[in-house]
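Enquirer: Below is a structure I'd like to ask you about.
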Amino acid sequence: MGGFFGVAAKKDCVFDLFFGTDYHSHLGTRRAGMAVFDKKKGYERAIHNIENSPFRTKFDGDVNKMEGQMGIGVISDYEPQPLIIRSHHGTYAIATVGKINNMEELVNEFFKKGNSHFLELSGGDINPTELTAALINTKDNLVEGIQYAQEVIEGSMTMVLLTDKGIYAARDRMGRTPIAVGKKEDAYCVAFESFAYLNLGYSDVKELGPGEIVVITPESCITLVKPGTDMKICTFLWIYYGYPSSSYEGISVEKMRYNCGALLAGRDDVEADTVAGVPDSGIAHAIGYSNKSGIPFSRPFIKYTPTWPRSFMPTVQSKRDLIARMKLIPVHDLINGRKMVLIDDSIVRGTQLREKAEFLYTSGAKEVHVRPACPPLLYGCKYLNFSRSTSDMDLITRRVIKDIEGSNPYPNLKAYADPDSSEYREMIGRIGKELNFTSLRFHRLDDMIEAVGLPKEKLCTYCWDGRE
């Protein structure tokens, strides 16, 4: 996914930038960077690998050296950023959050028009932030360039640009990811996560609407392009990505998760001794379930965070699975002989949740009833870097459907998304059996939407129902 923070201040902004960016560490896995502009010294930038060390550790030395009244910072899933760009617009730094599905097509268009080269990342891909900047630079001014880039990019692109005049912030056209603006006496800021600036003394100003472009300075936040009327914000922000203290469109992540668990319990009749959430994102869902069902909540395993504080690391799947096992420490007195309801945010590949269930059985659990807090994932995300899976077949649902359908290359996925269909029931039954759960029941899409509290047409639910 990725997240960002930007500050425009009358005094040095580096302290606020450092901590505001650090508050986005839950959103990225590999790279982080900060760029600042000082009226006397110009631009300065630092980028570090954060796969094996947290943001604060890597950037602690930079904070003591960097100076500037304006700056942007970013936690990135894959590509190094911010980039500093020199163009006919002048020099600016840019950071992005999103996904470009038509990158090859756009790059080839540049080559046809005489563009000489793009830098390659270590994996051979082109940096999407560099391509975004190249698109912006084809137009006469930054605002037209930002709009043009968002129009031609298939996928999603939210961005922040640091210039010597102010910081431009542009939410993607369909509002799939958020931007919030905060202010205090001598500064304005922009952030992916609105909670990131509260402890720094900022108060809420506004959330940008879909496609809205603003520029912030130390004195003001000015809208340059008004928001559109259509929105498709990512529902997975509430289910999993968002930090518990986050809110989007005025809706609290933690409160939504309580609602989610309560609605899960409302359709369940399982008899159990305790309800547990997989740390960390399953815990609030489990509390909501417990409150509604009356089944006591407990923490039968504890996540060991002193040396493994970041839930996303490392990026290699086999190592992630190993670390996921190493992190969880059992509390045998809360497991042995118990019938348990276990709630996680979702099931993607199924590997880690199967191992968690086996972990509970090995620790003496009598039954393990699994209740994911969202519907079965049937489609890989087209709009955000939820996963770098190369195929939808990485999803356990699609592998099971392939087994059910045999040689049929075009299964009716709509039927498998319908919780009242026989196809859905067979899919869930096979998943539960493969993962060795006592029982398995997913959240329904209509209940999950009710838990958010926004109209369905305002939410992106593509990964569950394939509707764009």
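The values are calculated or read from the model by the stated rules, or taken from the named source; none is laboratory data. Model, not experiment: these values are computed from the prediction. We place every Cβ from the backbone using ideal geometry, glycine too, and count neighbours over all the protein chains shown.
Enquirer: Check whether at least one residue in segment 122-139 is hydrophobic (A, V, I, L, M, F, W, C), loosely packed, with under 15 Cβ neighbours inside 10 Å and not in a loop (DSSP other than H, G, I, E, B), and report yes or no.
Expert: No, segment 122-139 has no match at all.
Enquirer: Might you let me know whether segment 19-31 holds any residue that is farther than 27 Å from SER281 by Cα and either touching a residue at least 24 places away in the same chain (Cβ under 8 Å) or surrounded by fewer than 18 Cβ atoms within 10 Å (Cβ to Cβ) (or both)? Quick ask: steps written out before the conclusion?
Expert: Restricting attention to segment 19-31, the residues satisfying the condition of being farther than 27 Å from SER281 by Cα are none.
No; the residues of segment 19-31 include none that is farther than 27 Å from SER281 by Cα and either touching a residue at least 24 places away in the same chain (Cβ under 8 Å) or surrounded by fewer than 18 Cβ atoms within 10 Å (Cβ to Cβ) (or both).
Enquirer: In addition: In segment 427-453, how many residues are assigned to a loop (DSSP other than H, G, I, E, B) and either charged (D, E, K, R) or crowded, with 18+ Cβ neighbours inside 10 Å (or both)? Steps first, answer last, please.
Expert: Step one: list which residues in segment 427-453 are assigned to a loop (DSSP other than H, G, I, E, B), which gives 435-438, 441-444, 453.
Imposing the further condition that a residue be either charged (D, E, K, R) or crowded, with 18+ Cβ neighbours inside 10 Å (or both) reduces the set to 435, 437-438, 441-444.
Summing the residues that are assigned to a loop (DSSP other than H, G, I, E, B) and either charged (D, E, K, R) or crowded, with 18+ Cβ neighbours inside 10 Å (or both) in segment 427-453 gives 7.
Enquirer: How about segment 153-164: which of its residues are surrounded by fewer than 24 Cβ atoms within 10 Å (Cβ to Cβ) and more than 15 Å from ILE85 (Cβ to Cβ)? Write out each step before concluding.
Expert: If we filter segment 153-164 for residues that are surrounded by fewer than 24 Cβ atoms within 10 Å (Cβ to Cβ), which is where we start, we get 153-155, 163-164.
ILE153, GLU154, GLY155 - these are the residues of segment 153-164 that are surrounded by fewer than 24 Cβ atoms within 10 Å (Cβ to Cβ) and more than 15 Å from ILE85 (Cβ to Cβ).
Enquirer: Among (1) loosely packed, with under 14 Cβ neighbours inside 10 Å; (2) over 23 Å from ALA169 (Cα atoms), which single condition is VAL107 missing?
Expert: (1)
Enquirer: Can you confirm whether segment 44-57 contains a residue that is of a type outside the set (A, V, I, L, M) and within 21 Å of ILE146 (Cβ to Cβ)?
Expert: Going through segment 44-57, the residues of a type outside the set (A, V, I, L, M) turn out to be 44-45, 48-49, 51-57.
Filter once more, so that each one left must be within 21 Å of ILE146 (Cβ to Cβ): 45.
Yes: segment 44-57 contains one or more residues that are of a type outside the set (A, V, I, L, M) and within 21 Å of ILE146 (Cβ to Cβ).
Enquirer: Still on this structure: Identify, please: which residue in segment 37-61 is within 21 Å of the chain's Cα centre (by Cα) and in a loop (DSSP other than H, G, I, E, B) and is, among those, nearest to THR91 (Cα to Cα)? Even if it seems obvious, please write down each step before you answer.
Expert: Just the residues of segment 37-61 that are within 21 Å of the chain's Cα centre (by Cα), to begin with: 47-56.
Then keep just the ones that are in a loop (DSSP other than H, G, I, E, B); that gives 50-54.
Details: ILE50: 27, GLU51: 30, ASN52: 32, SER53: 31, PRO54: 30 Å.
Only one residue tops the list, namely ILE50.
Enquirer: Of these, TYR383, TYR410, TYR424, which one is crowded, with 16+ Cβ neighbours inside 10 Å, modelled with pLDDT under 95 and not aliphatic (A, V, I, L, M)?
Expert: Details: TYR410 fails: crowded, with 16+ Cβ neighbours inside 10 Å; TYR424 fails: modelled with pLDDT under 95.
Being crowded, with 16+ Cβ neighbours inside 10 Å, modelled with pLDDT under 95 and not aliphatic (A, V, I, L, M) holds for just one of TYR383, TYR410, TYR424, which is TYR383.
Enquirer: In addition: If I filter segment 405-427 down to residues being among the aliphatic types (A, V, I, L, M) and in contact (Cβ under 8 Å) with a residue 40 or more places away in the chain, which single residue comes out as farthest from PHE442 (Cα to Cα)?
Expert: To start, the set of residues in segment 405-427 that are among the aliphatic types (A, V, I, L, M) comprises 413, 415, 417, 427.
Filter once more, keeping what is in contact (Cβ under 8 Å) with a residue 40 or more places away in the chain: 413, 417, 427.
Details: LEU413: 16, ALA417: 11, MET427: 11 Å.
Among those that are among the aliphatic types (A, V, I, L, M) and in contact (Cβ under 8 Å) with a residue 40 or more places away in the chain, it is LEU413.
Enquirer: Do we have any residue at all in segment 250-259 that's touching a residue at least 60 places away in the same chain (Cβ under 8 Å), over 16 Å from LEU360 (Cα atoms) and of a type in the set (Gly, Ala, Ser)?
Expert: Taking segment 250-259 as the starting set, the residues that turn out to be touching a residue at least 60 places away in the same chain (Cβ under 8 Å) are 251, 256-257, 259.
If we keep only those that are over 16 Å from LEU360 (Cα atoms) too, we end up with 251, 256-257, 259.
Of the ones still in play, those that are also of a type in the set (Gly, Ala, Ser) are none.
The answer is no, given that none of the residues of segment 250-259 is touching a residue at least 60 places away in the same chain (Cβ under 8 Å), over 16 Å from LEU360 (Cα atoms) and of a type in the set (Gly, Ala, Ser).
Enquirer: Looking at segment 86-116, which of the residues that are among the aliphatic types (A, V, I, L, M) and not in a strand (DSSP E or B) is nearest to THR158 (Cα to Cα)? Give the derivation first.
Expert: Here is the first cut: in segment 86-116, the ones among the aliphatic types (A, V, I, L, M) are 93-95, 97, 100, 103, 106-107.
Narrowing further to those that are not in a strand (DSSP E or B): 103, 106-107.
Values: MET103: 16, LEU106: 18, VAL107: 19 Å.
Among them, the one singled out is MET103.
Enquirer: Go through segment 90-141 and give me each residue that's touching a residue at least 60 places away in the same chain (Cβ under 8 Å) and more than 22 Å from LEU27 (Cβ to Cβ).
Expert: So the first thing to find is which residues in segment 90-141 are touching a residue at least 60 places away in the same chain (Cβ under 8 Å), and the list is 90-99, 101.
Result: GLY90, THR91, TYR92.
Enquirer: Hey, another quick one. Please find, within segment 185-212, the residue that is nearest to ALA169 (Cα to Cα) out of those that are among the aliphatic types (A, V, I, L, M) and within 21 Å of the chain's Cα centre (by Cα).
Expert: To start, the set of residues in segment 185-212 that are among the aliphatic types (A, V, I, L, M) comprises 187, 190-191, 196, 198, 200, 205, 208.
Restricting the remaining residues to those that are within 21 Å of the chain's Cα centre (by Cα) gives 190-191, 196, 198, 208.
Details: VAL190: 7, ALA191: 9, ALA196: 16, LEU198: 19, LEU208: 9 Å.
It comes out as VAL190.
Enquirer: Between PRO300, PRO296, which is modelled with pLDDT under 95 and over 27 Å from TYR462 (Cα atoms)? Step through it out loud before you land on a result.
Expert: Working: PRO296 fails: modelled with pLDDT under 95.
Result of the check over PRO300, PRO296: PRO300.
Enquirer: Another question about this same structure. Would you mind stating whether THR177 is under 29 Å from LYS382 (Cβ atoms) and modelled with pLDDT of 95 or more? It would help to see each step written out before you state the result.
Expert: Values: under 29 Å from LYS382 (Cβ atoms): yes; modelled with pLDDT of 95 or more: yes.
It is true that THR177 is under 29 Å from LYS382 (Cβ atoms) and modelled with pLDDT of 95 or more.
Enquirer: When ASP172 is evaluated against the numbered criteria (1) at pLDDT 95 or above; (2) surrounded by fewer than 22 Cβ atoms within 10 Å (Cβ to Cβ), which criterion, by number, is the only one it fails?
Expert: (2)
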